[in-house]
Amino acid sequence: MATLAEKVARPQIRQTQCFIGGKWVPAASGKTFDTIHPATEEVIAQVAEGDAKDIDLAVDAARAQFDGGEWSQMDARDRGALMHKLADLIEAEVDELAALETLDNGKPISDSRAADIPLVIDCLRYYAGWADKIQGKTIPIRGEYFCYTRREPVGVVGQIIPWNFPALMAAWKWGPALAAGCTIVMKPAEQTPLTCLRMARLAQKAGIPDGVINVVPGYGPTAGAALVAHPGVDKIAFTGEMSTAQIIQRSAAETMKRLTFELGGKSPNVIFADADLDAAAAGAHFALYFNQGQCCCAGSRLFVEDRVHDEMVDRLIQFNRDRKVGDPFDPETEQGPQVDQAQFDKILKYVDYGKADGADCVSGGKRHGDRGLFIEPTLFTNVTDEMRIATDEIFGPVLTVLKFSDIDEIIRRANNTNFGLAAGVWTRDVGKAHRFASKVRAGTVWVNCYDVFDAAAPFGGFKQSGLGRELGEAGLDAYTESKTVTMAL
Ligand code: NAI
Ligand code: MG
């Protein structure tokens, strides 16, 4: 068996600079920041720390490329073909990219190899197919006129992404932007810049013209804020925390940028007593613990009908006991470390809140091991709706279980939150399932399943969980402007 250090050394880190106008350049300030492997906390690379200067250069490159029209006015089918080429190059490197993702983020290699990178490829191919299918309408207006709409690219887009699915979030944002003919300045999360930079290199190799995709690694309040404020940017697409989105919304108001936000959640996952309890238990476990609990749509409020509550808790505790936590490069590992010290500390703070507020911690509740940012799969019972562990997004492997007794009660309690990203319901009663699905205020509802994503299915939040939708045709619309043309006949 190779040692952890040898395995960690496996993926080569080739790109660590800013990618601007097709060139790899250091930050104008010369500064760099460290990125770590969260399982060992070892520094794995020094990455260019872009700030306002670099954002200026990147926006100039994206603007020149957009206004020059090489990409935006390219034959749409050719644009789609280049996107397919990018997807093919990523597919050819799927193992290497998965290892790089695991190295930078700490997620298990089995997840990055089977989920993250294949979903990147799928998303790019899905949107490649849209490139030549972006159509307007002819509109029968009053009078002797010919009226039609065109859907045109929104322009230069600033894209700011988080660290929980680094490559996949890049793909969700690049796919519709590229298909629509936009040009891009992306700021990856400071915790996880490496796969995005690698994908930018592959985009160049695929023949996507210089200046179409620009990547400036750096921090939020410097590089991110400069991108949001820049007058040369037409739209910001952001995924991350609600309070960051509010800062962005205020700043973007100055220049009336188009905005799409995909934010957090405290998603209800509801198990009725008539459900297939084996499937529901496995589903509830997966809905929360997948990706170390670092999912915007995590099923973090698990409501269980009182008749089956105790039995369900027993099953969930057993799942936690069996869960393999450890070296993310071990193919058997199911749970790796949290992404960084700040997240690790936040999660353990919430475990303390849960105990202080009177909930019972029946599984886990502390650090796993003594090295790396690992947290035991943790389960709280005797949770009430107003406890902090039941209202706030924890973004870690901490599941809270609540009891309910009837459908009207559960619909009311499920909706008693400012979030509205996702919801799950487990039942064999079709009527109950549809009633819940229609009444719950959430952008996605999963029935007898959870976390089923597809590039063709729109995703996004009601209420404070977001603005607009990503994926599917709706995701594409968010990268176009509609133009009405009226001609006298
Ligand atoms: P964050 O919202 O601060 O970071 C997300 C991205 O925004 C990063 O690229 C960051 O550099 C950038 N950013 C930060 N401040 C900015 C600013 N003023 N202007 C422009 N860009 C800015 O989220 P963070 O701090 O990484 O995580 C905090 C919490 O947010 C997590 O514990 C979790 O609850 C939530 N979160 C939700 C995510 C989701 O998928 N909905 C993803 C990541 C975090
Ligand atoms: Mg932050």
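Things worth noting here:
- Oblate is the label for the range 308-388, because a/c, from the alpha-carbon gyration tensor with a ≥ b ≥ c as root eigenvalues, is 1.5 or above and a/b does not exceed b/c.
- Sites matching trypsin sites (Lys or Arg not before Pro) across the range 1-101 that sit in DSSP coil, with at most 16 neighbouring C-beta atoms within 10 Å: R14, K31
- Total charge dipole magnitude, the chain, about the Cα centre, Cβ charges on Lys, Arg, Asp, Glu only, Debye to nearest 20: 1160 debye
- 3J(HN,Hα) along the range 344-352, derived from phi through the Karplus expression 6.51 cos²θ - 1.76 cosθ + 1.60 where θ = phi - 60°, amounts to 4, 5, 4, 5, 5, 4, 5, 4, 4 Hz, with x in place of Gly and Pro.
- Applying the criteria of a DSSP loop state and at most 13 other Cβ atoms within 10 Å to the GluC sites (Glu not before Pro) of the range 302-336 yields E332.
- Converting phi to 3J(HN,Hα) with the Karplus coefficients 6.51, -1.76 and 1.60 and the offset θ = phi - 60°, the range 292-305 yields 6, x, 8, 10, 4, 9, 3, x, 8, 10, 8, 9, 10, 4 Hz in sequence order, with x at every glycine or proline.
- Amide H contacts of V304 (H built 1.01 Å from N, under 5 Å, at least 5 apart or other chain): I271, L402, K403, F404
- Angle of helix 76-92 to the longest C-alpha principal axis of the chain, folded into 0 to 90 degrees and rounded to 10: 40°.
- Inter-site label distance for F286 and Y145 at 7 Å from Cα along Cβ, in nm: 5.3 nm
- Counting only alpha carbon atoms, the long axis of helix 277-289 and the longest principal axis of the chain meet at about 60°.
- Global geometry of the chain, whether rounded, prolate or oblate, following the gyration tensor of its Cα atoms and the 1.5 cut on a/c: oblate
- In terms of its C-alpha gyration tensor, the range 85-179 comes out prolate, because a/c is 1.5 or above and the ratio a/b outweighs b/c.
- Spacing of the two label points (7 Å from each Cα toward its C-beta) at D357 and R307, in nm: 2.9 nm
- Once backbone amide H atoms are built at 1.01 Å from N, W163 has no partners under 5 Å, excluding neighbours fewer than 5 places away on the same chain.
- Farthest positive-ward along the range 88-181 dipole, Cα basis, beta-carbon charges - from I121, W174, F146: F146
- Note on T384 and D78: their simple-model spin labels are 6.7 nm apart, each label 7 Å out from Cα toward Cβ.
- In loop segments of the range 306-360 as defined by DSSP, the trypsin sites (Lys or Arg not before Pro) with at most 15 further C-beta atoms inside 10 Å of their C-beta are K324.
- Between Q12 and A114, residue separation times 0.36 nm minus the direct Cα-Cα distance comes to 34.7 nm.
- Here's the picture: charge each Lys and Arg Cβ at +1 and each Asp and Glu Cβ at -1 in the chain, and of P108, A359, L197 the one pushed furthest to the positive end of that dipole is L197.
- Crossing angle, helix 309-322 versus the chain [Cα axis fit, 0-90 degrees, rounded to tens]: 70 degrees
- Beta-bridge orientation, the chain: approximately 40 percent antiparallel, per DSSP, counting only bridges with both partners inside.
- Under the convention that each Lys and Arg Cβ holds +1 and each Asp and Glu Cβ holds -1, the size of the dipole of the range 1-124 around its Cα centre is about 140 debye.
- Förster radius 25 Å - calculated FRET efficiency between V430 and K366 (Cβ-Cβ, nearest 0.05): 0.05
- Karplus 3J(HN,Hα) series, Hz, for the range 138-149 with 6.51 cos²θ - 1.76 cosθ + 1.60 (x for Gly, Pro): 9, 10, x, 7, 5, x, 8, 9, 10, 10, 9, 10
- Bridge orientation summary for the range 341-447: considering DSSP beta bridges with both residues in this region, about 35 percent are antiparallel.
- Calculated [θ] (222 nm, deg cm²/dmol) that DSSP helices of n ≥ 4 give over the chain, each run adding -39,500 (n - 2.57): -11500 deg cm²/dmol
- Put a plus charge on the Cβ of each Lys and Arg, a minus charge on the Cβ of each Asp and Glu, and nothing anywhere else: the dipole of the range 345-451 about its Cα centre is then about 200 debye.
- Centroid-to-centroid separation of the range 371-402 and the range 54-103 [C-alpha atoms, Å]: 39 Å
- Distance from the C-alpha centroid of the range 181-208 to that of the range 455-472: 22 Å, rounded to the whole angstrom.
FYI, it's all coordinate maths here, none of it is from the lab. Bear in mind the structure is a predicted one, so any value in this text is a computation, not a measurement. No Cβ is skipped: glycine too gets one built from the backbone with ideal geometry, and neighbour counts run over all protein chains shown.
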